[in-house]
Amino acid sequence: MDKEGIKVDPIPDLKKLHNASLLYTIPSFHNPTGTLMTAQRRNELLNICRKAQLPLVEDDVYRELWLDEKPPKPLKAFDKNGLVLYLGGLSKSLSPGLRIGWVVGPEPAIGHLADIKMQTDYGSSSLSQYAAAEWFSSGLYQKHLVDIRNKLRIRRDFTLKTLNKHFSDLATWEKPSGGFYIWLCLLPSVSLRKLFELALEEGLLLNPGNVYDHQADQYLRISYSYASLSDLEDGLFRLSMLIRKLI
Ligand SMILES: Cc1ncc(COP(=O)(O)O)c(C=O)c1O
């Protein structure tokens, strides 16, 4: 990936190399990097996958959590050939406990997926589905989204301010325009394993980059969605001190 999202040029060769049958992508506020794929890159990605006859799974669970402006339209909006399976859900925007998500795709694919779902979990809770339907039809969900964006924006801005205060000589990062995550690139070369263990002894649980990509061993995923502002400030300050100790 680069700052505009997934890089498209290597896709045809990678498809051949791995005999790949599917491309999975999170175009809006990617987990863990926070990257928002540009409209142009979305277009290029769809074109290259169409040419390579490579179906896509578009995981768009962070779409509604935009903080500055609405993200570009989903890839699915331009999919004329039934190449894209589109995923959305309520786990990130409302409640993971509801276990409600959805998939948009060609009917035969949906038929197969419904079959598999039936065999793995007997289907989603009716009660959860009724609750979700009520949120959507009453307008409550739209109101909730406005509220959640306002709260998330405060958290994002506070976290960026805290990073500026304690990490300006230790790391680089981009300002995410939505979602939950800041992908922190550590400047000094420290062992992530040592840092992880040291932090754990202090009661700090880190999300090291190599959980997501074995090459990302100078990265940490910072999530500003859950901890209180005071815990964010305290945790980030203590993390910066641990890094200083290691170098
Ligand atoms: C991109 C993405 N898709 C799906 C999920 C999982 O969501 P759920 O709780 O609905 O299984 C996550 C959770 O972290 C995620 O980041």
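The values are calculated or read from the model by the stated rules, or taken from the named source; none is laboratory data. In this text, all values refer to a predicted model and were calculated from it rather than measured experimentally. Note: ideal-geometry Cβ built from the backbone for every residue, glycine included; neighbour counts use all protein chains shown.
Numbers at a glance
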{"read-out": "Residue in region 104-124 that is outside the structural domain of residue 178 (by TED's automatic domain parsing), touching a helix residue (DSSP H, G or I) at 6+ places or on another chain (Cβ under 7 Å) and either modelled with pLDDT under 95 or within 24 Å of residue 4 (Cα to Cα) (or both) present", "value": "yes"}
{"read-out": "Leading residue by the ranking (nearest to the ligand (Cβ to nearest atom)) among those in region 84-102 that are within 19 Å of residue 22 (Cβ to Cβ) and touching a helix residue (DSSP H, G or I) at 6+ places or on another chain (Cβ under 6 Å)", "value": "86"}
{"read-out": "Cβ pairs under 8 Å, 6+ apart, first in region 98-118 and more than 23 Å from residue 62 (Cα to Cα), second more than 16 Å from the ligand (Cβ to nearest atom)", "value": "109/82"}
{"read-out": "Test: residue in region 34-44 that is away from the ligand (no atom under 16 Å from the Cβ), surrounded by fewer than 18 Cβ atoms within 10 Å (Cβ to Cβ) and touching a residue at least 40 places away in the same chain (Cβ under 8 Å)", "value": "no"}
{"read-out": "Matching option when the condition is free of Cβ contacts under 8 Å to residues at least 12 places away in the same chain and not polar (S, T, N, Q), among 79, 59, 68, 2", "value": "2"}
{"read-out": "Sole residue being surrounded by 11 or more Cβ atoms within 10 Å (Cβ to Cβ) and under 28 Å from residue 38 (Cα atoms), chosen from 165, 143, 117, 194", "value": "143"}
{"read-out": "Any hit, region 218-225, residues being farther than 23 Å from residue 88 by Cα, among the aliphatic types (A, V, I, L, M) and not in a strand (DSSP E or B)", "value": "no"}
{"read-out": "Odd one out for residue 81, checked against (1) more than 21 Å from residue 32 (Cα to Cα); (2) within 15 Å of the ligand (Cβ to nearest atom)", "value": "(2)"}
{"read-out": "From the options 50, 41, residue that is closer than 13 Å to residue 5 by Cα, out of contact with any Phe, Trp or Tyr (no Cβ under 9 Å at 6 or more places or on another chain) and of a type in the set (D, E, K, R)", "value": "41"}
{"read-out": "Residue satisfying all of: in region 49-78; among the hydrophobic types (A, V, I, L, M, F, W, C) and not in a loop (DSSP other than H, G, I, E, B); nearest to the ligand (Cβ to nearest atom) among these", "value": "57"}
{"read-out": "Check on residue 226, crowded, with 17+ Cβ neighbours inside 10 Å and aromatic (Phe, Trp, Tyr)", "value": "no"}
{"read-out": "Residue match in region 9-25 (condition: within 16 Å of the ligand (Cβ to nearest atom), among the small types (Gly, Ala, Ser) and not in a helix (DSSP H, G or I))", "value": "no"}
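To keep it simple, each residue is scored yes or no on (1) touching a residue at least 12 places away in the same chain (Cβ under 8 Å); (2) of a type in the set (Ser, Thr, Tyr); (3) touching a helix residue (DSSP H, G or I) at 6+ places or on another chain (Cβ under 7 Å); (4) assigned to a helix (DSSP H, G or I).
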residue	(1), (2), (3), (4)
204	yes, no, yes, no
230	no, yes, no, yes
236	yes, no, yes, yes
239	yes, no, yes, yes
